[in-house]
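Okay, so here's the structure we're looking at.
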């Protein structure tokens, strides 16, 4: 007669074995019916062949289990698969490392799909890698949307750059600008125009926020400025009133969109009278360097888009000798972490200013940066030269 304890122990082992088998069946059934593709390879065999794929893999690739087992995963690659991504995968597998990447693969019917692939090594207790498990997800829709967005951003970047004024020079003045968005596009913008009878308009703005929305607003403002110029509307007060009205038309009080505003400086330069009429709407001070030193012209009113029907009163100053006027957006403050006084020291020295521009070209600021510099020529020097 068998010992009851042995019988009981045997029954317990059998029960545990059956439970383990049931759990394994449940696990395999779950994996097999998962929408993601799952495959297992054996790195201890030549060419790391596939030894298991689930239904998700079959549905995603079009290849059956019979067509897949025993092959290396590279059979999903094609002529447009990025070789650098393939190398990244190969090196990770050779070094028994986890890897996550996205690569272009090909289905059985030769159609392309973007495969988000994660590969993990499975190790024994001794640390030896026994299997590699790959999980793949078809992210074609997401990748194509990202590529479309990237294309749109590049196009927006080109359009925004085209709207910025080119450097300008004549017998009275010389104007140049520098524009560096924190991303592909930004909310900083500058524009200057030669008007008539020795008049010039110069405009610098900084829209709240960054990115596409801010960039679109700069394009919208540029269109308004061009329209006003065509109608010979130059007066700073009237120009700012029209821009303010435009902002409230875009974002009415009951709009579900976030309220936007922008700071700006608008200059109306009269080279015959040597007079500059301006409005500084909540913008950082602009700096004027002359033989008498440096003067700062601070904000005269609120930003555009703050108060409906607000009156933007202009201020005026005259210049006599050769001067240099510099305007910039607050991104320069934040990037350089300098107070205005320190910036003025840089603005006074042409070489240091040019060095600043060169250093900014290589930087990646957190906020958009815009700089405009106007050199007013000396009348006496001009006459002497002629």
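The values are calculated or read from the model by the stated rules, or taken from the named source; none is laboratory data. From a predicted model like this one, the values you see are computed outputs, not experimental measurements. Reconstructed Cβ throughout: ideal geometry from the backbone, glycine too, with neighbour counts over all protein chains shown.
In table form, for the structure just shown:
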| item | result |
| --- | --- |
| Among (1) at pLDDT below 95; (2) within 23 Å of residue 218 (Cβ to Cβ), the one test that residue 294 misses | (2) |
| Only one of 145, 149 that is closer than 30 Å to residue 190 by Cα and either assigned to a helix (DSSP H, G or I) or touching a helix residue (DSSP H, G or I) at 6+ places or on another chain (Cβ under 6 Å) (or both) | 149 |
| Residue within segment 15-33 that is over 39 Å from the mean Cα position of the chain (by Cα) and at pLDDT 90 or above present | no |
| Residue satisfying all of: in segment 303-341; under 33 Å from the mean Cα position of the chain (by Cα) and surrounded by fewer than 12 Cβ atoms within 10 Å (Cβ to Cβ); farthest from residue 207 (Cα to Cα) among these | 341 |
| Some residue of segment 178-187 being more than 16 Å from residue 367 (Cβ to Cβ) and either at pLDDT below 90 or buried (at least 21 other Cβ atoms within 10 Å of the Cβ) (or both) | no |
| Qualifying residue in segment 184-201 (condition: within 27 Å of the chain's Cα centre (by Cα) and under 21 Å from residue 377 (Cβ atoms)) | yes |
| Test: residue in segment 206-226 that is in a strand (DSSP E or B) and in contact with a helix residue (DSSP H, G or I) (Cβ under 8 Å, 6 or more places away or on another chain) | yes |
| Any hit, segment 163-181, residues being touching a helix residue (DSSP H, G or I) at 6+ places or on another chain (Cβ under 6 Å), touching a residue at least 12 places away in the same chain (Cβ under 8 Å) and part of a helix (DSSP H, G or I) | yes |
| Wholly enclosed helices (runs of 4 or more DSSP H) of segment 286-386 bearing at least 1 residues in the same structural domain as residue 270 (by TED's automatic domain parsing) and in contact with a helix residue (DSSP H, G or I) (Cβ under 6 Å, 6 or more places away or on another chain) | 340-348, 350-361 |
| Residue 273 vs. criteria under 25 Å from residue 165 (Cα atoms) and in a loop (DSSP other than H, G, I, E, B) | yes |
| Qualifying residue in segment 312-326 (condition: without any contact (Cβ under 8 Å) to a residue 60 or more places away in the chain and out of contact with any strand residue (DSSP E or B) (no Cβ under 7 Å at 6 or more places or on another chain)) | yes |
| Count of segment 57-83 residues which are surrounded by 15 or more Cβ atoms within 10 Å (Cβ to Cβ), closer than 16 Å to residue 114 by Cβ and either without any contact (Cβ under 8 Å) to a residue 40 or more places away in the chain or in contact with a helix residue (DSSP H, G or I) (Cβ under 6 Å, 6 or more places away or on another chain) (or both) | 3 |
| Test: residue in segment 108-117 that is in the same structural domain as residue 53 (by TED's automatic domain parsing), surrounded by 12 or more Cβ atoms within 10 Å (Cβ to Cβ), in contact with a helix residue (DSSP H, G or I) (Cβ under 8 Å, 6 or more places away or on another chain) and not in a strand (DSSP E or B) | yes |
| Criterion: in a loop (DSSP other than H, G, I, E, B) and more than 26 Å from the chain's Cα centre (by Cα) - qualifying residue of 278, 234 | 234 |
